1. Name the lysines eligible as straight-distance cross-link partners of K63: C-alpha to C-alpha under 22 Å, and not fewer than 8 places from it in the same chain.
2. Where in the chain lies the longest segment free of chymotrypsin sites (Phe, Trp or Tyr not before Pro) that are both loop residues by DSSP (not H, G, I, E, B) and have at most 10 other Cβ atoms within 10 Å?
3. If you average 1/r across every pair of different Cα atoms in the stretch 1-135 and take the reciprocal, what Kirkwood value do you get, in Å?
4. Using protein chains only and a probe of 1.4 angstrom, how many square angstrom of T58 are accessible, to the nearest 10?
5. Restricting the count to DSSP beta bridges whose residues both fall in the stretch 43-175, what percent are antiparallel, rounded to a multiple of 5?
6. Starting from the Cα of K159, draw a straight line to each of the aspartates and glutamates and keep only those under 19 Å, dropping any in the same chain fewer than 8 residues away.
7. Counting only protein heavy atoms and a 1.4 Å probe, tell me what percentage of the stretch 19-150's accessible area is made up of carbon and sulfur.
8. Using the heavy atoms of the protein chains and a 1.4 angstrom probe, tell me the accessible area per residue for the chain in square angstrom.
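The values are calculated or read from the model by the stated rules, or taken from the named source; none is laboratory data. Owing to the predicted nature of the structure, the values given are computational and were not obtained by experimental measurement. Note that we place each Cβ from the backbone using ideal geometry, even for glycine, and neighbour counts take in every protein chain shown. We work out accessible area using only protein heavy atoms, side chains counted, and drop any ligands, DNA or RNA first. Shrake-Rupley method; radii C 1.70, N 1.55, O 1.52, S 1.80 Å.
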Amino acid sequence: TPITIQRSSGNVGIGTNLPSSYDAEGNNLVVFDTTTPGITIATDTTTSRGSVLFADGTTGSEKYRGGVIYDHGTGMGGVADTMYLRAGVTGYLALNALGYVGIGTKTPAQPLHVIGDVRFDDAVSIQPTMKLYLDGGNDTFITESGANNISFYTGGGEKIRIEQERINSAYSGVQ
């Protein structure tokens, strides 16, 4: 059955004549195929965008409370070829063509770019010899400086090193 419209419910099935047999949360439009079902949202320009929007009304921002948006250009204020998940009109999660993820930003500059506070309810792991930057620049950071050693840098220089058995401080000379 290529296309079925169930008159009683208004549900539409493409490739199925029983769209109402699927979960009621998503059976208004069901696309079925035995191998690779899909839906394509296409445009003929690289400056536009395609969207699946979630609304809770027909006026103002009620028309676009949430959505999945693919911006071919820069119309969303980010960079070209970026996928956005939008919640509550202004909350965005962005995935750009480089694979960078932005939370609270439409233009992620790193593989994970977060604007705002971050909360971790479990361990955070940083690979050995990698740095945890604290000032947004490159001169204040914490790093593993050797096996079982942690160093604190600020102003471009090491200020404190915690070793397995002792603490070395560039300021106090504590050993």
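1. K106
2. 1-119
3. 18.2 Å
4. Estimated to the nearest 10 Å², T58 gives 120 Å².
5. So the antiparallel bridges in the stretch 43-175 amount to around 90 percent.
6. Straight-line reach from K159, under 19 Å: D135, D139, E144.
7. Values: 5030 of 9210 Å².
Answer for the stretch 19-150: carbon and sulfur cover 55 percent of the accessible area.
8. About 70 Å² of surface per residue is accessible.
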